[in-house]
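Enquirer: Let me begin by handing over the structure; questions about it come next.
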Amino acid sequence: MSAAKIEQLNVSMRETSDKRLYERYLAVRLRFEGHSFEEIGHLLNRTRQTISLYWQAYQEHGLAGLEMDHSPGQPTKLTNEQRSELGAMLEQKTPVDFGFEARYTWTLPLVAEWIKITYGVNMSVRGISAMLKRMN
């Protein structure tokens, strides 16, 4: 039975162009081949818990359980409403409207300061940049 599942994983690995999905397929295949969660984690530079989650998802839902709609990273720091307010503010206001020295152009550090003042949330410039890209 395992040989058929391993072959199914091999086919899926060949067909995907998603690096993260390939890694999850590989982790499950290595588990079928007898490797421990710790060994697989070491090989793929992931924690034992992450490999265990991949295995559990596969056991419960098959190959579909390994597909993810999004990166399961840290929860967002701003609510949907706050992000909407931020977007509107960036489109309609300038830094000078809030007492910043920069008169016309919003920079990421200024946006970070505005978020901190307005919502009491500390965000990195890189995090703000990624969030704004997701917001278009």
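Enquirer: Tell me the carbon and sulfur percent of the accessible area for the chain, rounded to whole percent, probe radius 1.4 Å.
Expert: C and S atoms contribute 49 percent here.
Enquirer: Right, another one. Pop the C-beta distance of D18 and Q82 into the FRET formula with R0 = 30 Å and round what comes out to the nearest 0.05.
Expert: With R0 = 30 Å, the Cβ-Cβ based efficiency is 0.45.
Enquirer: Determine ³J(HN,Hα), in whole Hz, for all residues of region 2-11 in sequence, where each value follows from phi through the Karplus function 6.51 cos²θ - 1.76 cosθ + 1.60 and θ = phi - 60°; x replaces Gly and Pro.
Expert: 4, 4, 5, 5, 5, 5, 4, 5, 4, 4
Enquirer: If you keep only loop residues by DSSP, which GluC sites (Glu not before Pro) in region 1-58 have at most 16 other Cβ atoms within 10 Å of their Cβ?
Expert: Taking region 1-58 and a limit of 16 other Cβ atoms within 10 Å, the loop GluC sites (Glu not before Pro) found are E33.
Enquirer: A follow-up question, please. Could you work out [θ]222 nm for the chain from helices alone, using -39500 (n - 2.57) per DSSP H run of at least four and dividing by all its residues? Round to the nearest 500 deg cm²/dmol.
Expert: Counting only the DSSP helices, I get -20000 deg cm²/dmol.
Enquirer: Here is a further query. Across region 24-40, in residue order, what do the Karplus-derived ³J(HN,Hα) couplings come to in whole Hz, using 6.51 cos²θ - 1.76 cosθ + 1.60 with θ = phi - 60° and x for Gly and Pro?
Expert: Per residue, the Karplus-derived 3J(HN,Hα) values read 5, 4, 4, 4, 5, 4, 4, 5, 4, 7, x, 6, 7, 4, 5, 4, 5 Hz.
Enquirer: Next question, about the same structure. Where only protein heavy atoms count, and the probe is 1.4 Å, what is the accessible area per residue for the chain in Å²?
Expert: Per residue, the chain has an accessible area of 69 Å².
Enquirer: Using the Cα atoms of the chain, I'd like the radius of gyration and the largest Cα-Cα distance, Dmax, both in angstrom.
Expert: Considering the chain through its Cα atoms, Rg and Dmax are 21.8, 68 Å.
Enquirer: Please give the net charge around S124, taking every other residue with its beta carbon less than 12 angstrom from that of S124, where Lys and Arg add +1 and Asp and Glu add -1.
Expert: Combined, the nearby Lys, Arg, Asp and Glu give +3.
Enquirer: Fully extended, how many nm does the chain gain between V125 and Q92 (0.36 nm per residue separation, minus their Cα-Cα distance)?
Expert: Additional length available on full extension: 9.8 nm.
Enquirer: Further, regarding this structure: Can you run phi through the Karplus equation (6.51, -1.76, 1.60; θ = phi - 60°) for region 43-54 and list ³J(HN,Hα) in whole Hz, with x for Gly and Pro?
Expert: Couplings: 5, 9, 6, 10, 6, 4, 5, 5, 5, 4, 5, 4 Hz.
Enquirer: Any idea what the relative contact order of region 59-133 is, in percent, if you count C-alpha pairs under 8 Å spaced at least 6 apart?
Expert: 19 percent
Enquirer: Sticking with this one: So, counting K/R as plus one and D/E as minus one, what does the shell of residues with Cβ under 15 Å around Q8 add up to?
Expert: In short, +1.
Enquirer: Follow-up. For K19, give me every one of the aspartates and glutamates with a C-alpha distance below 17 angstrom, ignoring sequence neighbours fewer than eight places off in its own chain.
Expert: Here the aspartates and glutamates satisfying the reach criterion relative to K19 are E67, D69.
The values are calculated or read from the model by the stated rules, or taken from the named source; none is laboratory data. Quantities reported herein were computed from a predicted structural model and do not represent experimental measurements. Quick reminder, even Gly has a Cβ in these numbers, built from the backbone with ideal geometry, and neighbours come from all protein chains shown. These area figures cover heavy atoms from the full protein model, side chains too; ligands, DNA and RNA do not enter into them. Shrake-Rupley method; radii C 1.70, N 1.55, O 1.52, S 1.80 Å.
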